[in-house]
Each structure stands twice: as structure tokens, then as C-alpha cells.
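Undergrad: Following this message is one structure expressed as C-alpha cells.
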Amino acid sequence: MSSTGHKFEGWLGHDSSAAEGNMKWGEFEPKPWEETDVDIKVTHCGICGSDLHTLRSGWGPTNYPCCVGHEIVGTVVRVGSKAEGGLKVGDRVGVGAQSDSCQGRKGDCEACASGQENYCQKHYVGTYNGVYLNGGKSYGGYALYNRAPSRFVVKIPDSIPSAEAAPMLCAGVTTYTPLKHHGVGPGKTVGIVGLGGLGHFGVMWAKALKADRVVVISRSAAKKEDALKMGADDVIATEDDPDWTKKHASTLDVILCTVSSSNMPLMDYMSLLRFDGTFVQVGAPEDGLPSIQQFPLIFKRLKITGSLIGSPSDLREMLQLAAQQKVKPWIQEYPMKDANKALVDFNAGKPRYRYVLCNEQ
Ligand code: NAP
Ligand code: ZN
């Protein structure tokens with residue numbers, strides 16, 4: 001129980017079996033309070049592929065106990081005297097995958113100085129499984145409360161329901177930011193690889209940014225109808241159509257790849273790029289990417305790059321775009337008490353297209 005009486009409890013992973021739906025409900029100690037912090041009563045939290053990678057120690061050893069969840073929406077219940085952003089008790093707010101950075105407190109940091117805190121090179125703090133500058137551990141949103149530095153807390157526009165805002169805070173911004181950065185808009189054709197939580201946002205942002213053509217690249221045709229409803233102009237089913245690389249060779253300017261497994265035909269995806277095209281990897285397989293052949297890069301001057309979530313200002317900009325263009329994620333709500341079942345279903349590839357855990361109001 002914290003000094004203010006808010007009970008910080010949630011779903012804790014104690015070892016890698018947690019990812020199979022073996023989290024245990026329990027109390028945790030949030031970071032030691034600072035006057036720049038806010039406490040949030042969590043109402044909703046999306047389930048991201050990264051939660052599973054982390055619970056199973058897939059990217060390296062996780063610092064258990066670990067409460068995951070970084071698509072958090074809730075209500076502000078406590079505001080520090082030095083909090084930024086005009087936050088007030090009662091505000092409806094969100095926290096994404098990052099909840100602190102060095103903010104210049106560790107000397108010069110080009111990324112923080114230029115408002116790209118998501119690329120902080122001195123002290124990046126993830127919303128869970130991280131350590132704050134004051135030594136406290138970060139715990140995520142599969143919980144009743146969350147404590148976060150105010151710099152990383154954003155207000156949710158009134159027109160966006162909380163359950164829909166939640167997945168925008170990681171899946172949404174992770175796809176919005178690179179599409180914008182790489183000039184997706186009128187005159188561009190875009191491929192989105194993997195129609196999952198991230199990928200379905202990729203399709204909707206590319207349309208909202210007015211790209212000429214958006215093509216979904218999925219393993220099968222099973223999600224084709226959904227992709228077209230989301231606004232895709234075409235769907236390539238790589239495991240159903242043996243001729244897909246021939247039919248679609250050199251047709252795309254930008255490819256955004258959300259695939260979470262190394263079992264992917266990377267060079268075949270890249271063959272869909274035009275001369276000077278850009279391949280952006282955002283999916284983060286636990287065993288790396290397949291090998292890359294040089295000649296396609298050399299002969300077409302292709303670029304291969306990555307992208308990490310978004311900054312607080314990217315989050316605000318994305319939420320504005322979502323509100324203006326009425327971008328509506330495809331979500332399925334789960335009661336918070338059923339979080340373990342939701343993980344099992346997520347592992348089985350069942351979400352259409354994002355699960356959102358909801359606390360009782
Ligand atoms: P997700 O909902 O499971 O979506 C991943 C999609 O990848 C699947 O729906 C599937 O789409 C496709 N896929 C293709 N080959 C696959 C294979 N062999 N096994 C499984 N899936 C395959 O996951 P997500 O939440 O969108 O996350 C995707 C990845 O992005 C994760 O690795 C996550 O950690 C990472 N991520 C990165 C960032 C960042 O900042 N870079 C932020 C958040 C998440 P089809 O069925 O259409 O083939
Ligand atoms: Zn995420």
C-alpha cells in the first residue's frame with residue numbers, strides 16, 4: 001500500500017512460464033515517488049507482442065517479478081507538485097511503452113534534446129522491466145495503478161474511447177511514427193507485413209496519411225476480408241500464392257515489417273521494393289533476422305532500417321490524427337481477471353486485432 005492508500009497490485013510474471021498464461025496476482029512496490037510523477041488508476045491496458053517476449057525472457061533475462069503492459073489508459077489520481085503538461089486529478093490519460101528517459105539529466109543526449117526521447121541514448125526506461133534514475137523498478141499496466149513520470153503521460157482526446165486509445169499507445173505509435181518519418185503520403189505505395197496488432201494500425205495510418213496504395217503482406221488469405229475493410233487496396237498471401245514475388249516485384253516504396261518471428265522470407269519481401277525503396281523492421285524476433293543478401297541492396301539502392309515506438313510528441317500528434325480521421329482500432333476487450341487466458345489466446349494468434357484488458361470500473 002503506498003502512502004496515499006492506492007494499492008499497487010497486478011499480474012506478476014515470476015519466471016518464463018508466465019508467458020504461457022502463468023502470471024500470478026500480487027502486490028508490487030512502484031518507483032519511489034518524485035514530485036514530477038503522477039499516479040494513474042488503470043482502466044484499460046492493451047496486450048502487445050512485447051509483453052510476451054518479455055514475460056518469457058525472450059530478449060534476454062527479465063528482472064522478475066515483472067508486471068507487463070505498456071498500452072495503459074486510466075484516470076489521474078495523484079499529481080506531483082512539479083508535474084508537467086497541466087495534468088490534473090481526474091484527467092483521462094495514457095502511458096505507452098516508455099515511461100522515462102535521461103531528459104538531459106545525464107549530460108548531453110541528442111535524442112532527448114531534440115524531442116526524440118524514444119531514442120534516448122543515456123537512460124531509456126521502459127514502462128515495465130526497467131529501472132528509473134532513482135533506482136525504482138518499472139511495473140506495467142496489467143494492474144490496478146501505475147506510477148509514471150509526467151513527461152511520458154499524455155491526455156486522451158475526448159472523442160477517443162479509452163479501450164480504443166489503449167492500443168494506440170504502443171502498437172499505434174510504433175507504426176505511425178516510421179510511416180510519417182519515411183514520407184508515406186500521396187504518391188507513395190506502402191506494404192505492411194503481418195496483420196496483427198501493429199500491422200492493422202499500419203494499414204489504417206497509411207490510409208489516413210493518404211498513401212496512394214496500401215498492400216497487406218500476410219502469410220495466408222485468412223485475414224484478407226478484414227484487411228480490405230481496414231482500407232487495404234490489396235492483400236498478398238505469401239504461403240498461398242507461389243507466384244507472389246513475381247506478381248508484385250518492384251511495386252512498393254516503403255515496407256513496414258511487424259513480423260515477430262525470424263521465420264520470414266525477408267529477401268522476398270525486399271524484392272517488392274522499387275529502386276530506392278525503404279524496408280523498416282519494427283517486429284523484434286527473439287532470434288534475430290534472417291541473413292541479408294547484398295545484391296538487391298546494391299542494385300536498387302535499397303535501405304533497411306528499424307524504428308522504436310514514438311516520443312511523447314509523436315503520441316500526441318498520432319492521437320490528434322486518430323481523432324480527426326476517426327481511426328478506429330479493431331479490439332476485443334477482456335476483463336483484467338482473465339489476463340492469463342488472454343495471453344494463451346494471444347500466443348495462438350487469435351487476436352482480431354488487439355486484446356484490451358479492462359479493470360472493473
Ligand atoms: P502480433 O499481433 O502477434 O502480430 C504479429 C504478426 O506477424 C502476426 O499477426 C502475423 O501476421 C505476422 N507473422 C508473420 N510470420 C509470423 C510467424 N512466423 N509467427 C508469428 N507471426 C508471424 O504482434 P504485435 O503485438 O503486432 O507485435 C509484433 C512485433 O512487434 C513483436 O515482435 C513486438 O515485440 C514488436 N514491437 C516492436 C516495437 C518497436 O518499437 N519496434 C513496438 C511494439 C512491438 P499474419 O498472420 O498476417 O502473417
Ligand atoms: Zn508494445
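The values are calculated or read from the model by the stated rules, or taken from the named source; none is laboratory data. What you see is a predicted model; the values in this text were computed from it and never measured. Methodologically, a virtual Cβ is constructed for each residue, glycine included, from the backbone with ideal geometry; neighbour enumeration extends over all protein chains shown. Side chains are part of the model used for accessible areas, which takes the heavy atoms of the whole protein and leaves out ligands, DNA and RNA. Shrake-Rupley method; radii C 1.70, N 1.55, O 1.52, S 1.80 Å.
Undergrad: One residue is enough: does the range 164-180 have a residue meeting the conditions assigned to a strand (DSSP E or B) and either without any contact (Cβ under 8 Å) to a residue 40 or more places away in the chain or under 15 Å from residue 312 (Cβ atoms) (or both)?
TA: Within the range 164-180 (the criterion being assigned to a strand (DSSP E or B) and either without any contact (Cβ under 8 Å) to a residue 40 or more places away in the chain or under 15 Å from residue 312 (Cβ atoms) (or both)), the answer is no, since none of the residues qualifies.
Undergrad: Next question, about the same structure. Of all residues being loosely packed, with under 15 Cβ neighbours inside 10 Å and among the charged types (D, E, K, R) in the range 275-309, which is nearest to the chain's Cα centre (by Cα)? Just the residue, please.
TA: 286
Undergrad: Residue by residue through the range 121-130, note down the ones that are closer than 25 Å to residue 47 by Cβ and either open to solvent by less than 70 Å² (accessible area, probe 1.4 Å) or part of a helix (DSSP H, G or I) (or both).
TA: Hits for the range 121-130 are 125, 126, 127, 128, 129, 130.
Undergrad: Moving on. Quickly run through the range 15-62 and pick out the residues that are over 26 Å from residue 174 (Cβ atoms), of a type in the set (Gly, Ala, Ser) and in contact with a strand residue (DSSP E or B) (Cβ under 9 Å, 6 or more places away or on another chain).
TA: Correct list: 26 only.
Undergrad: Determine whether the range 147-161 contains at least one residue that is on the phi > 0 side of the Ramachandran plot and either buried (at least 19 other Cβ atoms within 10 Å of the Cβ) or more than 16 Å from ligand 1 (Cβ to nearest atom) (or both).
TA: Checked against the condition, which is being on the phi > 0 side of the Ramachandran plot and either buried (at least 19 other Cβ atoms within 10 Å of the Cβ) or more than 16 Å from ligand 1 (Cβ to nearest atom) (or both), the range 147-161 yields no hits at all.
Undergrad: Can you say whether residue 265 is closer than 23 Å to residue 295 by Cβ and open to solvent by 50 Å² or more (accessible area, probe 1.4 Å), as far as the supplied structure shows?
TA: no
Undergrad: May I ask you to verify whether residue 98 is in contact (Cβ under 8 Å) with a residue 12 or more places away in the chain and open to solvent by 40 Å² or more (accessible area, probe 1.4 Å)?
TA: It is false that residue 98 is in contact (Cβ under 8 Å) with a residue 12 or more places away in the chain and open to solvent by 40 Å² or more (accessible area, probe 1.4 Å).
Undergrad: Another question, if that's okay. So, restricting to strands (runs of 3 or more DSSP E) that lie completely within the range 1-90, which ones have at least 2 residues that are free of Cβ contacts under 8 Å to residues at least 40 places away in the same chain and closer than 13 Å to residue 339 by Cβ?
TA: Qualifying strands (runs of 3 or more DSSP E): 24-27.
Undergrad: Next question, about the same structure. Please go through (1) at positive phi; (2) open to solvent by less than 30 Å² (accessible area, probe 1.4 Å) for residue 104 and return the number of the only condition it doesn't satisfy.
TA: (2)
Undergrad: Between 209, 144, 198, 133, which is away from ligand 2 (no atom under 14 Å from the Cβ), over 26 Å from residue 38 (Cα atoms) and either small (Gly, Ala, Ser) or modelled with pLDDT of 95 or more (or both)?
TA: Just one listed residue meets the conditions, 209.
Undergrad: Still on this structure, I have one more. Test residue 179 against the criterion of being open to solvent by 10 Å² or more (accessible area, probe 1.4 Å) and away from ligand 2 (no atom under 16 Å from the Cβ), and give yes or no.
TA: Spelling it out, it is not the case that residue 179 is open to solvent by 10 Å² or more (accessible area, probe 1.4 Å) and away from ligand 2 (no atom under 16 Å from the Cβ).
Undergrad: Let me ask something additional. Need pairs with beta-carbon distance below 9 Å; first residue surrounded by fewer than 15 Cβ atoms within 10 Å (Cβ to Cβ) and within the range 230-257, second of a type in the set (Phe, Trp, Tyr); sequence gap 6+ or separate chains.
TA: 250/275
Undergrad: Hey, among 171, 165, which residue is within 30 Å of residue 27 (Cα to Cα), touching a Phe, Trp or Tyr at 6+ places or on another chain (Cβ under 9 Å), among the aliphatic types (A, V, I, L, M) and buried (at least 24 other Cβ atoms within 10 Å of the Cβ)?
TA: Sole residue among the options that is within 30 Å of residue 27 (Cα to Cα), touching a Phe, Trp or Tyr at 6+ places or on another chain (Cβ under 9 Å), among the aliphatic types (A, V, I, L, M) and buried (at least 24 other Cβ atoms within 10 Å of the Cβ): 171.
Undergrad: Pull up the range 61-111, narrow it to residues that are hydroxyl-bearing (Ser, Thr, Tyr) and within 15 Å of ligand 1 (Cβ to nearest atom), then point me to the one that is nearest to residue 16 (Cα to Cα).
TA: 62
Undergrad: Looking only at the range 310-320, how many residues end up being buried (at least 21 other Cβ atoms within 10 Å of the Cβ) and away from ligand 1 (no atom under 16 Å from the Cβ)?
TA: Adding up the residues that qualify gives 1.
Undergrad: If I ask for residues that are away from ligand 2 (no atom under 15 Å from the Cβ) and under 22 Å from the mean Cα position of the chain (by Cα), which ones from the range 77-113 would you list?
TA: 92, 93, 100, 101, 102, 103, 111, 112
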